[in-house]
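Accompanying notes for the structure given below.
The values are calculated or read from the model by the stated rules, or taken from the named source; none is laboratory data. In this text the structure is predicted, and so the values were computed from the model without any measurement. Here the Cβ positions follow ideal geometry from the backbone for every residue, glycine too, while neighbour counts run over all protein chains shown. Please note that ligands, DNA and RNA were not included when accessible areas were found on the heavy atoms of the full protein model with its side chains. Shrake-Rupley method; radii C 1.70, N 1.55, O 1.52, S 1.80 Å.
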Amino acid sequence: MYDTNHLGHHLRSASVGRDETLYAEMLDGRTLSYGEMFSAAEKNAAALQKVGLSPGDCVAAQLEKSIESIQLYLGTILAGGVFLPLNTAYTPSELEYFLADAKPFIFVCDPETAPTLEGLAAQAGVSKVLTLSSDGTGTLMEALPTHTENFKEVARAKDDLAAFLYTSGTTGRSKGAMLTHDNLVSNAQALQQCWHFDRHDVLIHALPIFHIHGLFVATNVTLCAGASMLFMPRFNSETILSLMSKATVLMGVPTFYVRLLESPNLSPKTVAPMRLFISGSAPLLAETHKQWSAVTGAEILERYGMTETNMNTSNPYEGERRAGTVGMPLPGVEVRITDADSGQQLGQGEIGSVEIRGPNVFKGYWQMPEKTKQEFREDGFFITGDLGTMDGDNYLSIVGRSKDLIISGGYNVYPKEIEIILDDVEGVYESAVIGVPHPDFGEGVLAVVVLTGDTSQNENGIKNILQQKIAAFKRPKNIFFVDELPRNTMGKVLKNILRDRHKDNFIKS
Ligand code: MCA
Ligand code: AMP
């Protein structure tokens, strides 16, 4: 029925013959069985084919979180398409770049944003715009056939693309990471095995579904295991705590755990039905790990991944979950620490560049062969841009980044992208964007700006301009004005000095 390398085949295999099994329960009490889920996915696939989607074509989607958008993802995969999820916080000006760069065949957006985005999509050469609202209405839903007897799944080879996810870059230009069927299948299987996922599991799904974490780690692992999920539209501490009585697993970014720890309702009794708490996407402070154990008696399992590589390492399910480490390489994944310049492998305990090789590692950046080449060693290892060290028991610790990147509440912000926009603002001479410790988001975005001598530009004026151009999570929470930026003799801005100067600056929002 399916090509055995097909992601669709693997996502469905655990539920074959179990059509009645619960797949998802929504907060309003609506439920969806596996049979209903895959029937809807097939209808999506048929509708996409009907509007002209050919195998290998891209379907881009900027959609509020809903079970229907997961059906669209599955439908795209079944139709042999390549799914490109886009953050709902992106502004039209950010979307313009993604659509023009990826040139998707179909773009699916919210009916409310469609009037603004249709023009952009047409300019970018998108063939068809469809709409889907979080309440499950829109032109996509109208295009679904009533049944799918004639639906033919499209076979795909393991190296064919299944998804396309943008990750920003140190140059300020976003890069589309191309992920294959094999990348996603191998990773879902490795995680299912390492985290002991089975059909009895019930995942609390509170993550956004436009990133690897919420879309692939959470959704694919659940499907591969034939498990079910409690599907929340967004994160909310008290809702999560109330769902724990009928759940077994939570996946979150560190901010989830920081916020849950603030609730008086978090206790060993509340978490008792849960067998696993997983954290990733950003560093979990050892302090948060320890506090969680002290308050709940349960230990968070931290893992480490990246858009380009899916998941790389995980603390053990059985065995010590070492606070401050991201655990051991997943089955089939090789991790090594090297000297960044020479590429020479370093010894145990030494700090160096983290490099990854395995079936999880992406195929390259979309239409950027040179950039792709730069990020790989000749023997196939991908240079992550993270700095780490391995201890004698093979536990990896991420100790920093060689890439200029801020991770705020699990979202990546590339300073260069913000600096380019800031430097373009009238009255701004130059800028430096840095991450500083933030009690809720781990790191908060802060800008240090030098104004031209003859301007009346101020913080609010700059913030208003940024609001038009970039997603809210990327905008500096505070802007500091200085006469000049600290530089080394080569003229490079010394961000470590700025980070140190501003490390205690309270971020208001
Ligand atoms: C929201 N805001 C933020 C963030 N989130 N600002 C900075 N950093 C953030 N992460 C801003 C909003 O723009 C808004 O600003 C204000 O905060 C309140 O927004 P709200 O939507 O109410 O926030 P929230 O719902 O409380 O969201 C916080 C959150 C969310 C739950 C932590 O950011 C979240 O779900 N993060 C998870 C991200 C994630 O899944 N990352 C995985 C990607 P204003 O008031 O100005 O409008 S990384 C990945 O996939 C790799 C492979 C991996 O390893 O997993
Ligand atoms: P992204 O580009 O969104 O895929 O973000 C990937 C980056 O997130 C990695 O290169 C790391 O810098 C960071 N990251 C993910 N998980 C962890 C973790 N558990 N600890 C520290 N950093 C992490």
Using alpha-carbon pairs under 8 Å, 6+ residues apart, how would you state the relative contact order of region 51-190 in percent?
25
MET328 - accessible surface, heavy atoms, 1.4 Å probe, Å² rounded to 10
50
Provide the FRET efficiency to the nearest 0.05 for the HIS147-SER93 pair, computing r from the beta carbons and using R0 = 41 Å.
0.50
Quickly work out the LEU285-to-SER402 label distance, labels modelled 7 Å from Cα along the C-beta direction, and quote it in nm with one decimal.
2.9
Stokes-Einstein diffusion coefficient for the chain at 10 °C in a medium of 1.306 mPa s, Rh from the Kirkwood formula over Cα pairs: what value in µm²/s?
67
Among the helices of the chain (complete DSSP H runs), which have Cα atoms covering no less than 27 Å along the helix axis and a Kyte-Doolittle mean of at least -1.0?
none
Suppose each label sits 7 Å from its Cα in the direction of the beta carbon; what would the ARG30-ASN505 distance come out to in nanometres?
4.4
Note the full-extension length gain between GLU238 and SER39 as 0.36 nm times their separation in residues minus their Cα-Cα distance, in nm to one decimal.
68.3 nm
Per the helix-only calculation at 222 nm, which mean residue ellipticity applies to the chain, given -39500 (n - 2.57) for every DSSP H run of n ≥ 4 and division by its residues, nearest 500 deg cm²/dmol?
-8000 deg cm²/dmol
When only the heavy atoms of the protein chains count and the probe is 1.4 Å, how do ASP159, ASP182 rank by accessible area, highest first?
ASP159, ASP182
Can you list which of the GluC sites (Glu not before Pro) found in region 408-509 are DSSP loop residues with at most 16 other C-beta atoms within 10 Å?
GLU426, GLU484
Using alpha-carbon positions, the gyration tensor of region 369-410 gives root eigenvalues a ≥ b ≥ c; with a/c under 1.5 called rounded, otherwise prolate if a/b exceeds b/c, else oblate, the class is oblate
To the nearest 20 debye, what is the magnitude of the charge dipole of the chain about its Cα centre, counting +1 on the Cβ of each Lys and Arg and -1 on the Cβ of each Asp and Glu?
320
Go ahead and run the numbers for FRET between GLU350 and PHE473, Cβ-Cβ distance against an R0 of 51 Å, rounding to 0.05.
0.90
Bridge type composition, region 90-202 - antiparallel percent by DSSP, nearest 5
60
What length, rounded to one decimal in nm, is gained on full extension from SER127 through to THR139, with 0.36 nm per residue of separation minus their alpha-carbon distance?
2.8 nm
Additional length obtainable on full extension of the chain from HIS200 to ASP339, 0.36 nm per residue less Cα span:
45.6 nm
Cleavage-rule hits, trypsin sites (Lys or Arg not before Pro), region 198-259, DSSP coil, Cβ neighbours within 10 Å at most 15:
ARG199, ARG234
Compare LYS474, LYS43 by solvent-accessible area with a 1.4 Å probe and give them largest first, with all protein chains kept in place.
LYS43, LYS474
To the nearest Å², the heavy-atom accessible area per residue of region 34-76 with 1.4 Å probe amounts to 25
Inter-part distance where region 145-199 and region 360-395 are each reduced to a Cα centre, Å:
19
Tell me, what is the 1.4 Å probe accessible area of PHE362, in Å² to the nearest 10?
10
Can you give me the Cα centroid spacing of region 441-509 and region 249-273 in angstrom?
33
Any idea what the relative contact order of the chain is, in percent, if you count C-alpha pairs under 8 Å spaced at least 6 apart?
11
Run the accessible area of the chain with a 1.4 Å probe and give the carbon-and-sulfur part as a rounded percent.
49
Return the Rg/Rh value of region 356-509, two decimal places, where both radii are evaluated on C-alpha atoms and Rh is the Kirkwood radius.
1.03
Once you order the gyration tensor axes a ≥ b ≥ c over the Cα atoms, which shape class does region 1-114 get: rounded for a/c under 1.5, otherwise prolate or oblate by comparing a/b with b/c?
oblate
Round to the nearest 10 and report in Å² the accessible area of LEU99, as given by a 1.4 Å probe over the protein chains' heavy atoms.
0
